[in-house]
Structures are given as C-alpha cells and as structure tokens.
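One structure is given below, encoded as structure tokens.
The values are calculated or read from the model by the stated rules, or taken from the named source; none is laboratory data. Small disclaimer: the values here were computed from a predicted structure and weren't measured. A quick note on method: Cβ atoms are made from the backbone with ideal geometry, for glycine too, and the neighbour counts reach across all protein chains shown.
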Amino acid sequence: MAKTIIAEGKTSTEAIEKGLKELRVSKDKVDIKILENEEKRSFFSILTPRVVKVELTLKDGVEEKQNIKEIKSEEQKHVEKEREPLKTEEIGKIKLNISSFLDELTKQISNLSYEISSDEEYVYITLNGSEAGKLIGYRGETLNALQTILSAVASKNLERKAHIILDIENYREKRKIALEELADKLARTVIRTGKQVTLEPMSAYERKIIHNRMQDSTRVKTYSIGEEPYRKVVITKK
C-alpha cells in the first residue's frame with residue numbers, strides 16, 4: 001500500500017515542502033491533496049494563526065527514501081529558482097493579488113491607504129493613514145504577521161514564493177536604526193567583557209540588520225541559533 005502522510009504549514013506551499021522533505025522525494029513523485037485550503041480563511045481572522053494541512057501519497061512504484069544526491073539536487077534547483085529576479089509577468093500577478101486583498105482591507109479600516117512598488121527581488125508595500133499604526137503591534141509583531149499573510153496572498157498562482165516587505169508609517173526604517181544602535185552597544189559590551197551576548201528572537205529581516213551592521217567589525221562576529229520563529233543572533237568576540 002502506498003505511503004501517505006499529512007503535513008502542515010502556514011501555506012499549502014510550506015506544508016507541501018515539509019511533506020516532501022519528510023518523504024525524501026521530489027514533487028513529481030507524490031499525489032497531493034489539500035485538506036485545508038488557506039483561501040477559505042475568514043477575512044476578519046487574517047491576523048490569527050492558521051494551519052494548512054496537505055496529504056501526500058507516494059505514487060505507485062516510488063520508494064520513500066530517494067537517492068540523497070537527487071534530493072539535494074532538487075532542493076538546489078528550488079533555491080536557485082527562488083533567487084532568480086522576478087519577471088515582469090510575475091510582478092504583475094503579485095501586485096494584482098495584493099491589490100485585491102488590500103482593497104478589501106481598506107474597506108474595513110477607515111482612513112487606510114496603500115502603495116505598492118517593486119524591484120527585481122522584492123515587492124514593497126506601504127500602509128498609511130490615521131489607523132495604520134494599530135497594525136504595527138508590539139515590536140512589529142502584528143506587522144510581521146500581516147506581512148506573512150500578504151506573502152501567501154501574493155504567491156497565489158505563482159510557481160515560487162513572492163518576497164514581500166511591508167512597512168507601516170516608516171516603522172521599518174525606525175526599527176533598523178534602533179537595531180543598529182543596539183548592535184553597536186552590545187558589541188562594545190562583548191569587547192569589554194569578553195562574554196558573548198544572545199539577543200531576543202527576531203525575524204530573518206531583523207537578524208540580517210544585525211549581521212550587516214557587524215560584518216565589517218574586526219573584533220566581533222555574529223551568527224544565528226535556534227529554530228524559527230525563535231531564532232536568535234549571537235554576538236561574540238573574534
């Protein structure tokens with residue numbers, strides 16, 4: 001009997017990727033059935049966590065443990081595709097998906113407007129208005145949750161994940177300055193005491209700010225530890 005597993009993720013794409021890693025096979029080796037579709041999500045619950053479940057069944061004649069080299073090759077192809085510049089038609093689809101979602105959101109929140117721009121790697125969204133600040137949350141937690149949702153929405157009908165940067169009332173730039181000042185302060189502490197410092201859990205975007213700030217230092221270095229969403233940056237002496 002063919003092996004079947006249930007995988008979970010924030011989006012169907014994430015759930016499928018987890019299932020493929022568990023089975024150690026490529027996507028063409030399984031039949032996929034989405035048990036819970038993210039599109040059924042209520043508009044009024046967009047900021048609450050959700051789990052999408054998918055069922056993956058090995059096709060007839062496929063062994064669970066595929067050759068490791070083949071697995072790595074498939075993963076490398078996926079990574080390379082994710083790094084490719086966005087095509088004009090992809091950007092068009094992403095902007096259309098985002099606009100449809102945000103048009104509904106702005107109907108529910110008064111005095112809220114949005115702007116969308118892009119380059120070859122990211123699509124940038126800015127929310128403005130007297131009520132926009134309420135969507136930032138403590139240290140940007142709500143903003144980051146909304147960005148995750150927008151990323152899932154933007155990736156609809158695309159063959160790869162859309163990379164979204166959401167900003168509200170210039171929060172990202174203010175947070176960047178604060179994190180760089182924190183990194184400088186902690187670096188001085190590490191140099192003075194000789195003891196490494198572990199920061200609180202941060203998003204990948206914020207960890208990158210810390211790493212970039214310290215990359216030219218001749219006295220300290222940084223690295224990350226832990227699993228998402230609790231991954232942390234460590235600053236230590238070289």
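Worth pointing out:
- Whichever residue in region 159-177 is of a type in the set (Val, Ile, Thr) and under 25 Å from Leu86 (Cα atoms) and, among such residues, is modelled with the highest pLDDT: Ile168
- Flag for Glu90 being under 18 Å from Thr148 (Cβ atoms), in a helix (DSSP H, G or I) and acidic (Asp, Glu): no
- Of all the residues in region 133-152, those that are part of a helix (DSSP H, G or I), more than 13 Å from Ser203 (Cα to Cα) and touching a Phe, Trp or Tyr at 6+ places or on another chain (Cβ under 9 Å) number 3.
- Every residue from region 100-123 that is among the aromatic types (Phe, Trp, Tyr) and not in a loop (DSSP other than H, G, I, E, B): Phe101, Tyr114
- Lone unmet requirement of (1) of a type in the set (D, E, K, R); (2) without any contact (Cβ under 8 Å) to a residue 40 or more places away in the chain; (3) over 20 Å from Glu141 (Cβ atoms) for Arg175: (3)
- Count of region 106-123 residues which are surrounded by 15 or more Cβ atoms within 10 Å (Cβ to Cβ) and touching a residue at least 40 places away in the same chain (Cβ under 8 Å): 1
- Residue within region 171-189 that is in the same structural domain as Arg219 (by TED's automatic domain parsing), within 30 Å of Val220 (Cα to Cα) and assigned to a loop (DSSP other than H, G, I, E, B) present: no
- Residues of region 9-52 that are of a type in the set (A, V, I, L, M, F, W, C), at pLDDT 50 or above, surrounded by fewer than 16 Cβ atoms within 10 Å (Cβ to Cβ) and under 22 Å from Pro229 (Cβ atoms): Val51 alone.
- Candidate set: region 191-238, residues that are among the hydrophobic types (A, V, I, L, M, F, W, C) and not in a helix (DSSP H, G or I); chosen: the one surrounded by the fewest Cβ atoms within 10 Å (Cβ to Cβ): Ile225
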